[in-house]
Each structure stands twice: as C-alpha cells, then as structure tokens.
1. Would you pick out the residues in region 106-144 that are surrounded by 15 or more Cβ atoms within 10 Å (Cβ to Cβ), hydroxyl-bearing (Ser, Thr, Tyr) and farther than 23 Å from Gln210 by Cβ?
2. For the structure I just gave you, tell me whether Phe123 is under 17 Å from Phe166 (Cβ atoms), modelled with pLDDT of 90 or more and in a loop (DSSP other than H, G, I, E, B).
3. Please go through region 84-105 and pick out each residue that is surrounded by fewer than 15 Cβ atoms within 10 Å (Cβ to Cβ) and among the small types (Gly, Ala, Ser).
4. Report, ordered by the first and then the second residue, all pairs with beta carbons closer than 8 Å, sequence separation of six or more or different chains, a first member in region 1-12 that is under 17 Å from Lys106 (Cβ atoms) and free of Cβ contacts under 8 Å to residues at least 40 places away in the same chain, and a second member that is acidic (Asp, Glu) and in a helix (DSSP H, G or I).
5. Give me the pairs: first residue in region 198-209 and over 12 Å from Thr220 (Cα atoms), second residue surrounded by 18 or more Cβ atoms within 10 Å (Cβ to Cβ) and aromatic (Phe, Trp, Tyr), beta-carbon distance under 6 Å, and six or more apart or on different chains, which are they?
6. Only one of (1) under 15 Å from Ile136 (Cα atoms); (2) of a type in the set (S, T, N, Q); (3) loosely packed, with under 13 Cβ neighbours inside 10 Å fails for Thr220. Which number is that?
7. Could you check Ile288 against (1) under 18 Å from the mean Cα position of the chain (by Cα); (2) modelled with pLDDT of 90 or more and say which number it fails?
8. Among all residue pairs at least 6 apart or on different chains, which show Cβ distances below 6 Å where the first residue, located in region 68-97, is farther than 15 Å from Ile177 by Cα and the second is assigned to a loop (DSSP other than H, G, I, E, B) and modelled with pLDDT under 90?
Amino acid sequence: MRLEDIEQEIKSGNAFKVEGGRGGNSHIVNLNGKKYFHKYRSEYPPFKGLSKIEFALFNYCKYHLPSTVYLNNGATAEERIKKEVSTIKLWNLHGIPSPKIVLHSKNSIVYEFMEGFSFGNSFNGEKLNEEDFGRILDCYSNLRRVAKEKKDIELLHPDPYADNFFYNESKEIVIPIDPGNVVKKKDFEEIDTRINLFFLCKIFHLKTTQENKLHYLKQTADRFTKKEKEIMHALNTNPWFKRNYLELQNKWARIADYAGLKNRNWGVERLRIYYSAEVRESIQKELIRKK
C-alpha cells in the first residue's frame, strides 16, 4: 500500500471526510478492504468566518497567554507532522497505547483506522459525566508519569483536552491523539506546569454547566501532588500574567478596530475563556483547597 493510493482515493471522492479533522484535513479511506485514517496538515487555515490576517493576529495574542506561551505558534505544517510522528512513536516505544502509524510524509500521516470516538462531545449538556472524565485523567496521568520518569518533554501531550483523547472501542481503552503542537524547548518542570495549567483552563471550554466545570476542575486538581499545585498556583497568580492578559485583550481590540475586523468580539471572547479573571480565580481556589 502506497501513500499515493490513499490520496488518489481522496481525490476521486471515494473517502469519507471527518468533520473537525483531528488536527488537520482528515478522511477515512477504504482501500483493498481495509480502513485507514488519513490526516493532511496544511499551514494553519483560518477558522470559519475569519480572514487569514485575523486568525494570525488573534493567534499572536492567544499564544502569549501563560497557559499557551509554551507552544511554538510559528511551527510549520511540516514541523507539526514531524512532531506528531515523533511523539506517537515515543508513546508506542514506552508502552503508552496510541494510534499506529502506517505511512507518513512531510505533510500527511496515515493511521490504522480505529473504531471509537473522541471525548469532545461527551461532556455537552447538563449531565455530569464523571466516569468518562476520569478515563481521560487516567490516560493523561499515565502520560505524565512516563514523561516525568524520562524527563522528556516530547512524551508530554502538548494539547491535552477532551477532543484529543480517543476511546478505542475494540481495545476498550482511552488513548491520546493529535500531539502535533510544537513545544518550545525549555525546562521540563516549567513545560509540564504550563501544560497542566492549559488542561485546567480548557475545562472551561466544555459546553456544560458551570457547576459541572467546577466538578471536573476539582476532579483534575485531586490528581496533582501538593508541590505541583503550589507551582501552578504561583504561576496562575503571578501579577505579570494578569497584566499581560489585559494588555493582550486591549491589543487585540485595538488591532481589530484599526483593521475594521468583523470578528472583534469573537477574539475578545476567546481570550476571555482562555484566561479570564473568573477562570483564574476558579483555578486558584481549587489549587489551594485542602483535601
């Protein structure tokens, strides 16, 4: 089986396009009676309704927040593919259940197809789904355990949130997916701390009630050690970050107004979700809570 055969099936319209794309332009391809998952990464496209310049300007602001500053937003599509392949192989090498790569090139990856689902929509609505969230935490904790043992940043998941954890129905396990974000090379503990803070912030992106979000926040915080929570608390309450967040919000607003961007409020709202006072304070209370 060749990559060209897979891509020809896609060009011929014989493949099923995956909505959301799991980090890229993705399709399920049936070739010679076997299914494959093909992901193609182009240079980051704009979100629906956003111009390329808007997306770039917003990302400049977003990737200077304390919970996301560890990411290299300037990484090319080829670098993201290389990072994803490298981390998946490392996970497999160290016994972490993960997708199996069949083929890859500088801008695409072919995986063995897995029956199952990512957890992106598992927490929508008013119902508390503590069991599935616990499964994600088990997987995330195992990743961090192995990464800490090896002191290897590349073993960490650089983009850990519900969409990037997948339930493999045939094996009845949760596996991490889409580790293509490129991380800046820094101290392991600092990167681990920032990624943990990112995980906590992303809880507030779930489409559920505030009560449920706070429950998931507590559920997650209980997995961290006292020392880890102290380090995260120090980062989360650093006054420089609060000032930086407010400056970024104002900068986005000024840029949006100057350029006459139609989606000014969209950018302000997204920045608010990532690092608003409400999110900061909720995380702060949980990190200093005594069990």
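The values are calculated or read from the model by the stated rules, or taken from the named source; none is laboratory data. Please read these numbers as outputs of a predicted model, since none were measured by experiment. Quick reminder, even Gly has a Cβ in these numbers, built from the backbone with ideal geometry, and neighbours come from all protein chains shown.
1. Within region 106-144, Ser108, Tyr111, Ser118 meet the criteria.
2. Against the criterion (under 17 Å from Phe166 (Cβ atoms), modelled with pLDDT of 90 or more and in a loop (DSSP other than H, G, I, E, B)), Phe123 qualifies.
3. Across region 84-105, the qualifying residues are Ser86, Gly95, Ser105.
4. none
5. Qualifying pairs under 6 Å: Leu206/Phe123; Thr208/Phe123.
6. Here Thr220 meets the rest and fails (3).
7. Of the numbered conditions (1) under 18 Å from the mean Cα position of the chain (by Cα); (2) modelled with pLDDT of 90 or more, the odd one out for Ile288 is (1).
8. Partner pairs satisfying both residue conditions: Tyr70/Lys184; Leu71/Tyr63; Asn72/Lys184; Asn73/Tyr63; Ala77/Arg41; Ala77/Ser42; Ala77/Glu43.
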